[in-house]
Amino acid sequence: MSECEAVTLAQNKLRDSPQEGAIYLVKALDCIPLAIIQAAAYINRLGSRMSAAKYLGELHGVEGQVRLLQKAASDMRRDEEAQKSVLATWQISFEYLRNKRSSAANLLSFMCFFNRQGYPEFMIRHYTDTDGRDTSSSTGLAGGNVDLEEDIAMLRQFSLLNAAEDKDEFEMHGLVQLATRIWLRTAGSEDRWRSMFVRAMSLEFPTGEYTNWPRCRLLFPHALAWSSRGWTMNETKSGRCR
């Protein structure tokens, strides 16, 4: 965005912030819309405890982590400024979630392995609340002390997840998905959450009878999203839809 457009966006998103603060913020975020939206969401969430000026200090505080994420992002193909800005705002929001509501951070970790569009709600109920360790029931549902609706609301509030037109489906911005994957890789948690994804797909992907085709069509994009990364439907139960 142009600087003028970016300042307008920041002022529209921020509840209470002087124009000068908005100008400094958008410059620090290279006028990247997603980064501005995420920063504003974080500032609004913390209310009187946070301002645009304080957020600039938060950005400086995560510079080291962002460099590590960029170094690990050898497969990123996007504009370098967008990478840096979104990785920074994502890092601040994600660390807040890990400290204040870890189950929401875990839900985001689980969801980043799906196709970024069309998350069915029945699939995202397969996450757990303990850093990827499977404490779920035999059906794969999360433990009883997890409030899925509150976790979804938290992720939406931080602009890490959006509701699709269908109220029962959700979607994630590509850069948010990519940032989450990179963080999991650097934290050594990627295989753990990928295994949970494969297990959930195995539990939910139906057999190929005609009556199951609607669910097959719903889930196939999520299976296809990872087939190019070495995962195939053969890793799930045999006889599933192809």
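The values are calculated or read from the model by the stated rules, or taken from the named source; none is laboratory data. None of these values were measured; they are calculated from a predicted model. Cβ atoms come from the backbone with ideal geometry, glycine included; neighbour counts cover every protein chain shown.
Details
- Tally, over segment 10-24, of residues that are assigned to a helix (DSSP H, G or I), in contact (Cβ under 8 Å) with a residue 24 or more places away in the chain and within 24 Å of residue 172 (Cα to Cα): 2
- Hey, residue 63 acidic (Asp, Glu) and under 20 Å from residue 175 (Cα atoms) or not: yes
- Pair list, Cβ under 9 Å, 6 or more apart: segment 29-48 residue closer than 8 Å to residue 158 by Cα and assigned by TED's automatic domain parsing to the domain that holds residue 10, other residue part of a helix (DSSP H, G or I) and among the acidic types (Asp, Glu): 42/58
- All helices (runs of 4 or more DSSP H) inside segment 144-220 with 1 or more residues being of a type in the set (Asp, Glu), surrounded by 17 or more Cβ atoms within 10 Å (Cβ to Cβ) and touching a helix residue (DSSP H, G or I) at 6+ places or on another chain (Cβ under 9 Å): 148-157, 190-204
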